[in-house]
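Computed from the coordinates by the stated procedures, all read-outs in this text should not be read as laboratory data. Note that this is a predicted model, so its numbers are computed, not measured. Neighbour counts are summed over all protein chains in view; Cβ atoms, including those assigned to glycine, are modelled from backbone coordinates with ideal geometry.
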Ligand SMILES: [Zn+2]
Ligand SMILES: [Zn+2]
């Protein structure tokens, strides 16, 4: 299968993140994408293509206009306010606090359009996030055009981004943008299967009231793990979307046998739904040595994950999400893709 | 008038806060209370009494039981999780994200029960916050018992704390707890007037649907200033509380003439309401040299503020809130109180 990659994505190069009351070295860093790209080239896995530019329209099909305008204009506002360096929000409109009117002040705006304190927003974030969305869109177009599968080597990742707020290292929801693109390109039904260690809260929320996009997520139980506030088994969709959302929260320490049982259950739901296309939110932070995660998948087990996904028998768009054990990320990621091709 | 003060409040001694992506020296520090106490003693303003202990019951009249239990048990959980030092949350349940089920993980709990990243929670926070609430309750009891006025020298402050979340350096809403105590002690109507530079979002939210407690706040326009997401003029109460909330957002740079016009308007509303008792959330961060604020009140103008409050002719409980120009805080605070007494 073809890989889509843009080096423009590397421009988003955060130095720090805030967690546990400290500035720590950022973990969502450019080398994550570079090592995957290097592994693809080194193994001769397939062609690596640059993305085409799709403009803002397919992004605006998923994200709110005011949110897009905020991201686009952020750096100018930030520097006009006399600030420099990476921006972190520090106050959020929870519960009785209002989302409207939208504040004018840059610190109010940062909180209005985010849900965490750990996601640095910098000068190059917007251009990189757009390139990441274009990467997903180009892979989706390859599959819409007849390719059995394509791999969008996206960065920054996307699945934690909601329609109008960022967080969890994510700004534009690449998988959601790709799924919507596939619908607009003629697919009647699209399934998004998220196998990242963390719940795909943004993707779920974006499609929660829709029956045309089935969202399924395997992830660490949010009672114990980020994003904490979404991803429970009782979230099954609402309105027209009732029955078209399925979460598989798993215990910390989950290994491949337990993970693959949940995967089988999720793929059964996919089969019942009978989508035209499958989008896989491909996080590799289920890996046993991931520095911020607590599942126990081994490198060779990612081959089995890929093979199992192939058995769904669907045109498949892989969209890269998390994975922070950088030294093993190339091997693990390409193992999924090779497992799919070799199945 | 008598001052109530407990040195236990000094135990909450934060070292840092997070703002603008950096750990900065904390501004809500013990010396804030010490300098006010010193000024009261030095000027012979009146007796300084320790608070009585009221237990959890009057706190639970205002705050949710699970929130109280979280604050009370926090340090044990934090240290059991292998953590130490000050705690800062980093992810919040905004919009589609859920407040229930409540996470088990300490980082999820911190976000579940807060709304900002800048309020350090430490080993002694709970004991200090309780002493601060007892301080407000003791002053309220003095006034309920016939004193014309009393001053609760509270710290940490309270007016940003909602029924079930903390933030803005506030954990327990001392003014709300005092107002509720006065109601329970027999007052039919209580007015809470907040003259801190920042909107009293927590107090507003706690009484928003009630007609028995009128809340009024003079503050920097939240479009431009913390807390950003509450404090607009169109917030007039809801349900039975419709018409019993009044905000006076003021422009950055507001000086005494403009501030006092808004104060007159607010006190007109108080007079129409005809309460049995007035609670004043007394922030001194309207001062021209406050390091985090942008109003322009001069030290001598706080005398006029106190005199104007006296003219309302009501039994009055002063509850200390913000004010971060520590060197001038004692003078400014005692000026308000002396202005009231000397009017
Ligand atoms: Zn992840
Ligand atoms: Zn204040």
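Using the Cα gyration tensor of chain A, with a ≥ b ≥ c the square roots of its eigenvalues, what is the shape: rounded (a/c below 1.5), prolate (a/b larger than b/c) or oblate (neither)? Rounded is the answer for chain A, as its axis ratio a/c remains below 1.5.
Partner shielding of B:100-111 amounts to 5, given as the average count of beta-carbon atoms from other chains within 10 Å of each residue beta-carbon.
Taking Cα atoms only, the orientation of helix A:125-144 departs from the longest principal axis of chain A by about 30 degrees.
Largest GNM mean-square fluctuation among B:79, B:254, B:203, using chain B with Cα springs under 10 Å: B:79.
With no solvent and one equal point scatterer placed on each C-alpha of the stretch B:269-343, evaluate the Debye formula and give log10 I(q)/I(0) for q = 0.14, 0.19, 0.27 Å⁻¹, two decimals. Result of the Debye calculation: -0.44, -0.75, -1.22. The simple Förster model, with R0 at 45 Å and r as the Cβ-Cβ distance, assigns residue B:311 and residue A:22 a FRET efficiency of 0.35.
Based on the Cβ-Cβ distance of residue A:61 and residue A:209, what FRET efficiency does E = 1/(1 + (r/R0)^6) give at R0 = 25 Å, to the nearest 0.05? After rounding, the FRET efficiency stands at 0.95.
If you look at the Cα atoms of the stretch A:208-274, you get an Rg and a Dmax of 12.3, 35 Å. Volume of the convex hull of the stretch B:175-227 (Cα atoms only), normalised per residue: 68 Å³.
Under 16 Å from a label point set 7 Å out along the Cα-to-Cβ vector of residue A:124, the amide N atoms of the stretch A:1-29 belong to A:6-16, A:26-29.
Assuming 1.567 mPa s and 4 °C, estimate D for the stretch B:1-40 with Stokes-Einstein, Rh taken as the Kirkwood radius over Cα pairs, in µm²/s.
On the way: Rh = 11.7 Å.
After rounding, the answer is 111 µm²/s.
Per-residue mean of foreign Cβ neighbours for A:218-230 is 6 (Cβ atoms of other chains, 10 Å radius). With the convex hull of its Cα atoms as the shape, the stretch B:14-146 has an orientation-averaged projected area of 10.7 nm². For the stretch A:76-154, the share of alpha carbon pairs falling in successive 10 Å distance bins from zero is 16, 32, 25, 19, 8 percent. Each peptide in B:58-65, B:22-29 was scored by the mean count of other Cβ atoms within 10 Å over its residues; highest first, the order is B:58-65, B:22-29. Judged by the gyration tensor of its Cα atoms, with axes a ≥ b ≥ c, the stretch A:33-99 is prolate; a/c meets the 1.5 cut and a/b is the larger of a/b and b/c. Cα centroids of the stretch A:62-96 and the stretch A:98-156: 13 Å apart.
Taking chain B as a Gaussian network of alpha-carbon nodes connected by springs under 10 Å, the highest mean-square fluctuation of the residues B:264, B:134, B:285 belongs to B:264. When the alpha carbon gyration tensor of the stretch B:173-327 is reduced to an equivalent ellipsoid, its three semi-axes come out at 23, 17, 14 angstrom, largest first. Normalised Debye scattering of the stretch A:256-297 at q = 0.15, 0.16, 0.18 Å⁻¹ gives log10 I(q)/I(0) of -0.48, -0.53, -0.64, counting only Cα atoms as equal scatterers and leaving out solvent. Treating the angle as unsigned and between 0 and 90°, give the value, to the nearest 10°, between the Cα long axis of helix B:301-310 and the longest Cα principal axis of chain B. Once rounded, one gets 80 degrees.
Which residues among the stretch B:119-151 fall inside the zone where the amide N is under 13 Å from a point 7 Å beyond the Cα of residue B:292, along Cα→Cβ? Backbone N within reach: B:119-121.
Between 0 and 90 degrees, the angle of helix A:256-273 with respect to the longest Cα principal axis of chain A falls at about 90 degrees. The mean count of C-beta atoms from other chains within 10 Å of the C-beta of residues in A:19-31, rounded to a whole number, is 3. Working note: Cα atoms of the stretch B:142-256, range along each principal axis, descending, whole Å: 41, 33, 32.
In terms of the mean number of neighbouring beta-carbon atoms within 10 Å, the peptides B:45-54, B:149-158 order highest first as B:149-158, B:45-54. The calculated P(r) of the protein assembly as shown, using every Cα pair and 10 Å bins from 0, goes 3, 16, 24, 21, 15, 11, 7, 2, 0 in percent. Computed from label points 7 Å out along Cα-Cβ, the spacing between residue A:272 and residue A:224 is 2.7 nm. Once both labels are positioned 7 Å from their Cα atoms along Cα-to-Cβ, the gap between residue B:42 and residue A:102 label points is 4.9 nm. What does the C-alpha gyration tensor say about the overall shape of the stretch A:1-74? Classify as rounded when a/c is under 1.5, otherwise prolate if a/b is larger than b/c, or oblate. Oblate.
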